[in-house]
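The values are calculated or read from the model by the stated rules, or taken from the named source; none is laboratory data. From a predicted model like this one, the values you see are computed outputs, not experimental measurements. Every residue, glycine as well, gets a Cβ built from its backbone with ideal geometry; the counts of neighbours run over all protein chains shown. Only protein heavy atoms, including side chains, enter the accessible area calculation; ligands, DNA and RNA are left aside. Shrake-Rupley method; radii C 1.70, N 1.55, O 1.52, S 1.80 Å.
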Amino acid sequence: MSAGGPDLAEQERRLRALQISLKEPVRPAGTYRTSVRVGTWLYVSGQVPWRDGRLLATGRLGDSVAIDRGYECARQCATNALAAIAAEIGDLSAVARIVKSTVFIASADNFSNHVEVADGASDLLKEVFGDAGLSARSAVGVASLPLGAPVELELQVQLREMVEIPRR
């Protein structure tokens, strides 16, 4: 294992153990990029819980979406963010650390378990990158999210070095 986190072989092993295969990143629903790299920083746009061409759930936490379903949605958002990272830089081995995650949670007025939902994303990132996956984090309750998604995740990622962007 390298100083900042697991190497590529370790990350691939961890993904296999979690039964996760990274697919093509979810296409933007509007006029923006899935990710933008600036030097050794990668900013990943908000990812909603798409899986196999559909949202895992719609609605708001504390209303029509249970906490365990919200956790699963946050975990899927993190999986989609990993796919966006891999598509931008070729693989996950260039990730030095996840620096900041922001988890937006569509929630009813009386919902206060944002941390439990956001842990779905944080837990997955830690499982893949070890301590380098533990980031600063904000878990923010909002009235609604795009497409009726219950959760959205955006990431700020530090890369080990300048990585050449693969040709698309």
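Only residues that are touching a residue at least 24 places away in the same chain (Cβ under 8 Å) and open to solvent by 50 Å² or more (accessible area, probe 1.4 Å) were counted across segment 120-147, and they come to 11. Residues in segment 77-119 that are assigned to a helix (DSSP H, G or I), in contact with a helix residue (DSSP H, G or I) (Cβ under 8 Å, 6 or more places away or on another chain), open to solvent by 10 Å² or more (accessible area, probe 1.4 Å) and not β-branched (Val, Ile, Thr): Glu116, Asp119. Could you please find all residues in segment 22-72 being touching a helix residue (DSSP H, G or I) at 6+ places or on another chain (Cβ under 7 Å), small (Gly, Ala, Ser) and either open to solvent by 60 Å² or more (accessible area, probe 1.4 Å) or assigned to a strand (DSSP E or B) (or both)? Within segment 22-72, Ala29, Ser35 qualify. Considered as a group, the residues in segment 65-110 that are closer than 17 Å to Glu10 by Cβ and of a type outside the set (A, V, I, L, M, F, W, C) include one that is modelled with the highest pLDDT, and that residue is Arg97.
Pairs linking a residue in segment 91-113 that is closer than 18 Å to Ser135 by Cα to a residue that is of a type in the set (Phe, Trp, Tyr) and not in a loop (DSSP other than H, G, I, E, B), with Cβ atoms under 9 Å and 6 or more positions apart or on different chains, are Leu92/Phe129; Val95/Phe129; Arg97/Phe129; Ile98/Phe129; Val99/Trp41.
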